[in-house]
Amino acid sequence: MRLVKTKDTPSLSFYTPLTEGGLKQPIIEGGISAGFPSPAEDFTEVSIDLNLELLKNPSSTFFCRVSGDSMQDIGIADGDLLIVDKSLEPKDDKIAVCFIDGEFTLKKIKLDKDCCWLIPANKNYKPIKVTSENEFIVWGVVTYAIKSY
Amino acid sequence: MFALVDCNNFYASCERVFNPALEGKPIAVLSNNDGCFIARSNEAKALGLPMGAPAFKYEAFCKANGIKVFSSNYPLYGDMSARVMQILSQFTPEIEIYSIDEAFLLLKGFDYVDLATYGKEMQQRVEKWTGIPVSIGIAPTKALAKVANKIAKKFKERTGGVHVIETAESITKALKWTQIADVWGIGRQHARRLEAVQVNTAYDFIKLPEDWVRKQMAVVGLRLQQDLKGIPTLGLEEGQKSKKGIATTRSFEGTLNSLPDLEERIATFANHCAQKLRAQKSAANVLMVFVRNNPFDPKVPRISKHIAIPLAYPTDSSITLGQVAIKGLRALYEAGVDYKKAGVMISGLVPVNGKQLDLFQREQPKHDALMAVMDKMNKRYGNALKVGNQDLQRTWKMKQEHLSKRYTTSLSEIITVSS
């Protein structure tokens, strides 16, 4: 069981337990036998489950594929798999999947007084200034990037 | 108190989550096989695209009006629905998933909680986490929560999509506003009959004498009347309900006219139904087969036939149901007809453990073991085993010309973000 933060107040934080999913306790096929019982039986632990580790909030988590090199200086390359959580608030320096003027784009967010900047991590690209003129949403915040070697 | 949470234009909303450029644009979604329109965004409704309209008739209309058409993408809608329901279940332990896009929530022990605020919180969390907008109606009973939901939707500017009716005055006001035909659980026939005696609104309905309601609409109507009066009568139905009937019907991509082709289809449909039956641990007493040609073809007379066959004993066997279905098909089949659609329906369902064995004509007990193996193999290897009357070579593909991607259930179809 794990907890998902659902609400923050100045004095208290609220969590909701998630009970579904994940790997179950392995079954030890000890059975009844004439020999010695397995000495490992008392030390059974659950196998490492990347779903539990990487998907903090499965209901709001989606996957995206990267196309392009504008974020290469922080290690996100073409073809990488992104884990994106829509429940997270976009804050300064978060890497976010944004939808701007009809297209999904991956950038770092910088909030300014009356606009927002989308900062690339590659000197060949320029920051994008987002104003109220643009059709713009922060679609989700990137929590992990997975690459294959 | 009960809440009814309803996803706004659910299928269209699912498409928009992964294609935000469609926000505010007209969208329509087609049924299986791209047959007819089964979902429309508000914009498409406003343009006058009728519900259930056949796709080919409105192709030009959609093009001319810029309506974006989608084939139904049930892997996507199903996954998004599960996410919404999971989030809703964080707000109360008691939830009834009423349909793919609707859930009743029982809010018990919330006396010191402002329910309007609580509803807003639910709405915001679902929309933020999944991108799906929802409307919420909150009231003392299920039937009233339905009414409240309708008001929340209809007067969105004022309610913000969340509406609570709790006081006697607000209940009366809401019932007076609700047309009798729009009341949850009142079918078209009852509505017509009620309108004939000047019962035009839900308020008129609750003023009817209980005796009259019981006589005209049986106990079901009476329970509904109580619920609308604000006396909780209908409870939550938790867990997966066993279905009362199961059907598999398909429109063919072209038309079929040879008996062997149709037999193969019908056997497959029967097998499909049998699989669903076994999954819910029921057996069927009646099997119905239907076939029809294209009703929109003006050159040929309409042909639509069906036959219901009572089964000698309740069964869930793919073999028995397939044989009976083929027998039914042979009785209906006419050479020279171009069939466009066919289906198998089974009803009279009973739980398997209550199967009544016929004194003389017993089911092959071997079938049970065989079916168990078949289901297990098919689960593991993905429909590897078929019944003999199904075609092994031919794969029948659904017509899905406007299909969006399975963004959430297939890693090769996730959204691409340019960087």
### helices (runs of 4 or more DSSP H) contained in region B:86-178 and holding at least 1 residues in contact (Cβ under 8 Å) with a residue 60 or more places away in the chain
B:115-130, B:142-154, B:168-177
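Rundown of residues vs (1) surrounded by fewer than 20 Cβ atoms within 10 Å (Cβ to Cβ); (2) touching an Asp or Glu at 6+ places or on another chain (Cβ under 9 Å); (3) closer than 27 Å to residue A:98 by Cα, yes/no style:
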site	(1), (2), (3)
B:3	no, no, no
B:19	no, no, yes
B:22	yes, yes, yes
B:36	yes, no, no
B:46	yes, no, no
B:57	yes, no, no
### Query
Would you call residue B:52 in a loop (DSSP other than H, G, I, E, B) and either touching a Lys or Arg at 6+ places or on another chain (Cβ under 6 Å) or over 18 Å from residue B:9 (Cβ atoms) (or both)?
no
### Query
Taking into account only those residues within region B:21-36 that are free of Cβ contacts under 8 Å to residues at least 60 places away in the same chain and more than 16 Å from the chain's Cα centre (by Cα), which is farthest from the other protein chains (Cβ to nearest Cβ)?
B:28
### Query
Out of the residues in region A:72-129 that are out of contact with any strand residue (DSSP E or B) (no Cβ under 9 Å at 6 or more places or on another chain) and among the acidic types (Asp, Glu), which is farthest from the other protein chains (Cβ to nearest Cβ)?
A:114
### Query
Of B:5, B:69, which residue is under 23 Å from the mean Cα position of the chain (by Cα), away from chain A (no Cβ under 14 Å), of a type outside the set (Phe, Trp, Tyr) and within 30 Å of residue B:112 (Cα to Cα)?
B:5
### Task
Working only within region B:338-356, note down all residues that are modelled with pLDDT of 90 or more and among the aliphatic types (A, V, I, L, M).
B:342, B:344
### Message
Every residue in region B:16-49 that is assigned to a loop (DSSP other than H, G, I, E, B) and of a type in the set (Lys, Arg), please.
### Response
B:25
### Message
Residue under question is residue B:81, and the condition is that it be touching a residue at least 60 places away in the same chain (Cβ under 8 Å), closer than 20 Å to residue B:8 by Cβ and among the small types (Gly, Ala, Ser); does it hold?
### Response
yes
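The values are calculated or read from the model by the stated rules, or taken from the named source; none is laboratory data. What you see is a predicted model, and the numbers here were worked out from it, not measured in a lab. Here the Cβ is made from the backbone with ideal geometry for all residues, glycine too, and neighbour counts use every protein chain on show.
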